[in-house]
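J.: Please read through the structure below; I'll follow up with questions.
The values are calculated or read from the model by the stated rules, or taken from the named source; none is laboratory data. All values derive from a computational prediction rather than experimental measurement. Here the Cβ positions follow ideal geometry from the backbone for every residue, glycine too, while neighbour counts run over all protein chains shown. Ligands, DNA and RNA are stripped out before the accessible areas are found, and what is left, the full protein with its side chains, is counted by its heavy atoms. Shrake-Rupley method; radii C 1.70, N 1.55, O 1.52, S 1.80 Å.
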Amino acid sequence: MKHERRVRVMVAKPGLDGHDRGARIIARAYRDAGFEVVYTGLHQTPEEIVEAAIQEDVDMVGLSSLAGAHKYLFQTVVELLRERGAEDIVVCGGGIIPDEDIKKLKSAGVREIFTPGATLDEIVKWVKENVKPR
Amino acid sequence: MKDLVEKVTSGDVRTVARLIRDVDDGMPEVREALKELYPYTGNAYVIGITGAPGVGKSTLVDQMVAHLRKRGKTVGVLAVDPTSPFSGGAILGDRVRMQRHSMDSGVFIRSLATRGHFGGLTQSTRSAIDILDAMGKDVILVETVGVGQDEVDVVRSAHTTVIVVVPGMGDDIQAIKAGILEVGDIFLINKSDREGTDKTLNELRLMIEMDQKKFDKGLWKPPIIKVEAVFDKGVDDFLAAVDEHARYLEQTAGGLKSRRSPERVRQEMVEMIKARLFEEVLDKLTETGEFDRAVDAIVKGSLDPYSACEGLVFPALAGLPDEE
């Protein structure tokens with residue numbers, strides 16, 4: 001009964017964007033879904049996020065961006081994880097992200113992007129279906 | 001296994017991170033790894049930090065890491081946050097205050113949730129300490145919220161136990177009186193720029209000095225230090241007090257070996273046996289369905305819980321495997 005893996009996720013705010021209300025709400029929803037959520041706080045570089053994700057042994061990194069540098073930031077996180085041999089950590093993102101960028105980000109290895117209007121239930125359901133404890 | 005030991009002792013971050021996860025998830029195969037790693041432990045100095053939520057433990061730990069790094073020490077941090085009893089999830093936010101160290105390869109930070117461990121929190125945190133110790137970290141900082149016996153036990157198992165309070169929480173000290181006052185080696189009054197610091201200082205001093213007789217016999221007298229962790233004020237004084245306590249342990253209790261005194265080993269063994277027995281017995285009972293049948297019977301009123309417990313525990317104990 002006790003040998004069950006618990007889902008561990010990280011919620012991170014990369015870049016200079018200082019709006020973390022959304023990230024906090026997502027973190028709370030994850031907690032209520034029974035996940036362990038490591039929250040890193042604001043103004044993180046992709047390098048810091050990747051190092052923290054590895055030390056914390058999370059199954060997923062959720063990135064939040066509302067200030068427009070998502071293409072560089074999200075992609076860099078995916079690349080750095082790959083460089084460290086940690087491509088098994090799922091990367092997803094959320095925020096104000098135009099449709100044409102979503103395509104590019106997905107083909108770069110970001111598994112899913114949630115935009116304004118996505119409900120917490122949808123997001124949690126997606127994580128439950130797509131992120132399994134490694 | 002040899003490969004794993006080599007990776008951990010050479011400081012491979014991914015291996016260490018995964019192993020701590022295995023410990024936390026209660027994977028049975030982790031026991032072999034812990035056995036193999038044990039000979040490589042006993043070289044780290046462990047500092048436990050506890051106090052009520054919001055007193056500034058994480059900020060303090062962040063400053064400690066910065067100071068220890070300046071001294072050339074490598075540091076491991078274990079930050080424990082509570083699991084929600086309702087969802088089983090947890091928000092582990094201690095890292096927010098420490099992220100500036102995440103790119104420093106001399107620092108390993110890990111957030112742990114208390115989970116529903118039935119006393120196993122102490123167990124799994126101790127194992128995590130062992131892993132960081134075997135990894136070669138010079139100093140290990142363990143931070144827990146100071147409520148509940150488990151959390152207190154965790155920090156008690158350190159070389160130096162630090163209790164953090166803030167001014168103006170009179171009731172808080174009342175709470176401390178009951179439980180954790182006796183286990184503090186160093187008391188910190190954080191946010192000491194605030195009103196009420198001297199009052200808090202006096203209250204603490206009064207309580208500590210009630211044990212003056214012990215101190216007269218040469219036992220360690222816990223110092224009380226004012227700090228403002230956010231501004232890095234007083235942290236030097238605090239670390240000097242840790243050094244002094246380390247010297248005291250060196251002279252009186254075998255220094256680093258003091259964590260393996262007969263009393264501590266005895267207590268740890270009791271806890272380890274308790275956790276292991278619990279796990280083995282409950283595993284067995286849930287596997288066979290006996291547990292659920294007993295619960296049903298009690299609910300229906302055809303069995304009382306006392307008889308049920310007896311009926312479950314003794315046969316289960318007799319039927320435990322010698323070794324898997």
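J.: Which residue out of B:Arg115, B:Arg95 is in the same structural domain as B:Val46 (by TED's automatic domain parsing), more than 24 Å from B:Leu256 (Cβ to Cβ) and open to solvent by 10 Å² or more (accessible area, probe 1.4 Å)?
T.: None of the others qualify; the one that does is B:Arg115.
J.: When you scan the stretch B:277-286, do you find a residue that is more than 30 Å from B:Tyr45 (Cα to Cα) and hydroxyl-bearing (Ser, Thr, Tyr), even just one?
T.: Scanning the stretch B:277-286, I find at least one residue that is more than 30 Å from B:Tyr45 (Cα to Cα) and hydroxyl-bearing (Ser, Thr, Tyr), so the answer is yes.
J.: Quick one: in the stretch A:35-83, which of the residues that are at positive phi and open to solvent by 10 Å² or more (accessible area, probe 1.4 Å) is nearest to the other protein chains (Cβ to nearest Cβ)?
T.: Only one residue tops the list, namely A:His43.
J.: Shifting gears a bit: Which count do you get for residues in the stretch A:21-33 that are surrounded by fewer than 18 Cβ atoms within 10 Å (Cβ to Cβ) and more than 10 Å from chain B (Cβ to nearest Cβ)? Reasoning before the result, please.
T.: Pass one, the stretch A:21-33, residues surrounded by fewer than 18 Cβ atoms within 10 Å (Cβ to Cβ): A:21, A:24-25, A:28, A:32.
So of that shortlist, the ones also more than 10 Å from chain B (Cβ to nearest Cβ) come out as A:21, A:25.
Selection size over the stretch A:21-33: 2.
J.: Right, another one. Does B:Ser102 meet the test of being within 14 Å of chain A (Cβ to nearest Cβ), open to solvent by less than 10 Å² (accessible area, probe 1.4 Å) and without any contact (Cβ under 8 Å) to a residue 24 or more places away in the chain?
T.: yes
J.: Let me ask you something else. Find the residue count for the stretch B:85-118, including only residues that are more than 23 Å from B:Arg14 (Cβ to Cβ), out of contact with any helix residue (DSSP H, G or I) (no Cβ under 6 Å at 6 or more places or on another chain) and not hydrophobic (A, V, I, L, M, F, W, C).
T.: Residues meeting the conditions: 5.
J.: Picking from A:Leu63, A:Leu80, A:Leu105, which residue would you name as being within 15 Å of A:Ile26 (Cβ to Cβ) and of a type in the set (A, V, I, L, M)?
T.: The unique qualifying residue is A:Leu63.
J.: Any idea which residue in the stretch A:1-18 is modelled with the lowest pLDDT, counting only those that are in a loop (DSSP other than H, G, I, E, B) and touching a strand residue (DSSP E or B) at 6+ places or on another chain (Cβ under 8 Å)?
T.: Step one: list which residues in the stretch A:1-18 are in a loop (DSSP other than H, G, I, E, B), which gives A:1-7, A:13, A:15-18.
Checking which are touching a strand residue (DSSP E or B) at 6+ places or on another chain (Cβ under 8 Å) leaves us with A:6-7, A:13, A:15, A:17.
Details: A:Arg6: 89, A:Val7: 94, A:Lys13: 93, A:Gly15: 88, A:Asp17: 84.
Selected residue: A:Asp17.
J.: With respect to A:Arg5, is the statement that it is of a type outside the set (Asp, Glu) and free of Cβ contacts under 8 Å to residues at least 24 places away in the same chain true?
T.: no
J.: Can I ask one more? Just the residues that are of a type outside the set (A, V, I, L, M, F, W, C), open to solvent by 80 Å² or more (accessible area, probe 1.4 Å) and part of a helix (DSSP H, G or I), please, taken from the stretch B:182-208.
T.: Within the stretch B:182-208, the subset of a type outside the set (A, V, I, L, M, F, W, C) is B:182, B:184-185, B:190-200, B:202-203, B:205.
If we keep only those that are open to solvent by 80 Å² or more (accessible area, probe 1.4 Å) as well, we get B:182, B:193-195, B:198-199, B:202, B:205.
Within the stretch B:182-208, B:Glu182, B:Asp198, B:Lys199, B:Asn202, B:Arg205 qualify.
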